[in-house]
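The values are calculated or read from the model by the stated rules, or taken from the named source; none is laboratory data. Computed from a predicted structure; not experimentally measured. Cβ: placed from backbone, ideal geometry, glycine included. Neighbour counts: every protein chain shown. Just the protein is used for accessible areas: all its heavy atoms, side chains included, with ligands, DNA and RNA removed. Shrake-Rupley method; radii C 1.70, N 1.55, O 1.52, S 1.80 Å.
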Amino acid sequence: MRFRKSLARGRGKALYLDLNPNARVVPMTIPAEAFFLPDEGSGTLQGRIRAMVVQGILAGRLRPGEKMPSSRGLAEHLGVSRITVTLAYADLVSSDYLMARGRSGYYVSDTAPRAPEFPMAPTRDEAVDFTALTGGRFSRLARVTKPEDWERYPYPFIYGQADATLFDHQNWRQCALRALGKRDFAALTSDYYERDDPVLIEHVLRTILPRRGIAARAEEVLLTLGAQNALWIAAQVLLGAGKRAVVENPGYPGLRAILEPSGAEILPVDVDEFGLPPDRLPDGTDVVFTTPSHQCPTNATMPVTRRAGLIEAASRKGFVIVEDDYEFEMSFLKPVAPALKSLDREGRVVYAGSFSKSIFPGLRLGYLVASPSFIAEARALRALVLRHPPGHIQRTVAYFLADGHYDALVNRMKTAFRRRRQMMEEAIAEHGLVVAGQGGFGGSSIWMRAPEGVDTEELALRLRERGVLIEAGRAFFHPARSSRNFYRLAYSSIAPAKIPEGVARIAAKLREVRG
């Protein structure tokens, strides 16, 4: 005896299961209502529909042999055109996620990729206290914290984030697509081992370094995953137990976080209005880390005479200088001063640069320039950790430089930052806030000082409640010489129209805190 059972599905559609084990099973039709297209999805509608189906197949919600909704039905449900769904289906067929059966429609392919099914991880008692085991030597290091959802705050005076309104999305996309082409297949897919993309290295040598007065050869350049990675590599190569490293105070918190686990003795030297003073460097120093073009965080610019004095002191005392030349492109008030490396005649300067500030921070692409013997050692270390930065990113940046898009982007950012800087200065003056350091060349931030007794970490928390983000200054100071009443205001990612009101809210909260 044969039995048929009707199961209601979707818009009145029925799935008939024949309970005779020898009968042919009619494929299940997946209802259109089972699909949801998030409003915040990125990319084209066709691409988002494709991703929606792929995710369902990989997750096992859409199973091999099941029939997809008709293109008309899915289009009506999602509120898109039928041709958009048809094109997405065709793309999925070419990728073997779906299969077409003539007039019968589209089905989940029998050979579609599937994500492995993992059992739920059981809750377990942790037998190892890793915090005690490691001493928390990395997580306890001071750093500037920023909320992950900073974009939802109307007044984000935070440093190092990109402004989507300034970025050249179209030309970056074209360069990225070009780097995905057949001609660049080797650059995209090859393991360079310890090498870098020669095309990008050539543009760094010919386009970037000459602007800093630096003449170098290919064997003197190493690409890194951003400036942070460049500083880490330099510290690992140059330092260790028993070594002594000078850092600026206040200075870049990320550098101290790199140096503390190295075992080297960290010697903070207070900066003045011209940056790091060479005459204050202690004897027995092995390495000096400095930000001469835009001192972090005060924005002080080291004069050429002082730069020459620092080079002379390095020669006389026998130490090495690591120059972090971040943000040199943003010198829009005066011409940028030459890099320390351009004055180096003995190979004592290790130069670190980055594309993160000028293109976008998520790019994570930087470089080191130094003597061939140093680069050889740094290259060997990099190979142990990550081999090389992704080939596609390297080639995309090379095209972005070669086609002139990089220069156009930098000029656009300079123009925008100059205007924002002017608005910041006007608002700060109007409300009587105190500037501790702003530099004379440009940049993207202003170093501020609150009245004595004000804890800017507490101030920052209170300002968040009013939609304002600032960066408290304590993390920039060495713990032995900490100061709690400084803070940094950046203007790289805040809309110009928001600046006056944002500064007004900071001033009002400072008056409230002081009572």
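Whenever you get a sec, line up LYS509, LYS334, LYS414, LYS357 from highest to lowest accessible area (probe 1.4 Å, protein heavy atoms).
On the way: LYS509 20, LYS334 110, LYS414 55, LYS357 75 Å².
Of LYS509, LYS334, LYS414, LYS357, the descending order of accessible area is LYS334, LYS357, LYS414, LYS509.
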1/(1 + (r/R0)^6) with r = Cβ-Cβ of ALA34 and VAL304, R0 = 56 Å, i.e. FRET efficiency to nearest 0.05, evaluates to 0.25
With +1 on the Cβ of every Lys and Arg and -1 on the Cβ of every Asp and Glu, the dipole magnitude of region 187-265 about its Cα centre, in debye rounded to the nearest 20, is 300
So LEU386 and ARG61, fully extended at 0.36 nm per residue minus their Cα-Cα distance, gain in nm 113.4 nm
Note, region 55-70: 3J(HN,Hα) by Karplus (6.51, -1.76, 1.60, θ = phi - 60°), whole Hz, Gly/Pro = x, goes 4, x, 5, 5, 7, x, 6, 10, 9, x, x, 6, 8, 6, x, 4
Rounded to the nearest 10 Å², the accessible area of TRP150 using a 1.4 Å probe with every protein chain kept is 30
Phi-derived 3J(HN,Hα) across region 398-412 with the Karplus relation (6.51, -1.76, 1.60, θ = phi - 60°), rounded Hz, x for Gly and Pro, is 4, 5, 4, 6, 4, 8, x, 5, 4, 4, 5, 5, 4, 5, 5
Counting all Cα-Cα pairs in the chain, those more than 35 Å apart amount in percent to 50
For VAL322, other-chain or 5+-apart residues with amide H closer than 5 Å (H placed, Pro excluded) are VAL288, PHE289, THR290, VAL350
With all protein chains present and a 1.4 Å probe, the order of TYR487, TYR326, TYR252 from largest accessible area down is TYR252, TYR326, TYR487
Counting only residues 5 or more apart in sequence or on a different chain, those whose built amide H sits under 5 Å from that of TYR155 are LEU469
Zone reached by a paramagnetic label modelled 7 Å from ARG419 Cα along Cα→Cβ, restricted to region 485-515 with backbone N below 18 Å, covers 491-502
One would report the antiparallel percent of DSSP beta bridges in the chain, rounded to the nearest 5, as 60
For region 381-392, in residue order, the Karplus 3J(HN,Hα) values (coefficients 6.51, -1.76, 1.60; θ = phi - 60°; whole Hz; Gly and Pro = x) are 5, 4, 4, 5, 9, 9, 6, 6, x, x, x, 5
For region 452-515, averaging the sequence separation of alpha carbon pairs under 8 Å that lie six or more residues apart and dividing by its residue count, the contact order in percent is 36
Sorting ILE375, LEU459, HIS431 by the position of each Cα along the dipole of region 375-512 (Lys, Arg +1; Asp, Glu -1; all at Cβ), the one nearest the positive end of that ordering is ILE375
Given unit charges at Cβ for Lys, Arg (+) and Asp, Glu (-), the dipole magnitude of region 312-432 about its Cα centre in debye, nearest 20, is 240
Computed over the chain: longest principal axis from alpha-carbon atoms vs helix 304-317 long axis, angle to nearest 10 degrees, is 80
For the table LYS243/LYS414; LYS341/LYS414; LYS334/LYS509; LYS146/LYS414; LYS243/LYS341, the rows whose alpha-carbon distance is greater than 31 Å are LYS243/LYS414; LYS334/LYS509
Here the relative contact order (percent) of the chain, from C-alpha pairs under 8 Å and at least 6 apart, is 16
Length-normalised contact order of region 274-365, Cα under 8 Å, at least 6 apart, in percent, tallies to 28
Longest principal axis of the chain (C-alpha) makes with the long axis of helix 226-238 (C-alpha) an angle, in degrees to the nearest 10, of 60
Note: GLU202 to ARG464 extended length (0.36 nm per residue) minus current alpha-carbon separation gives 89.8 nm
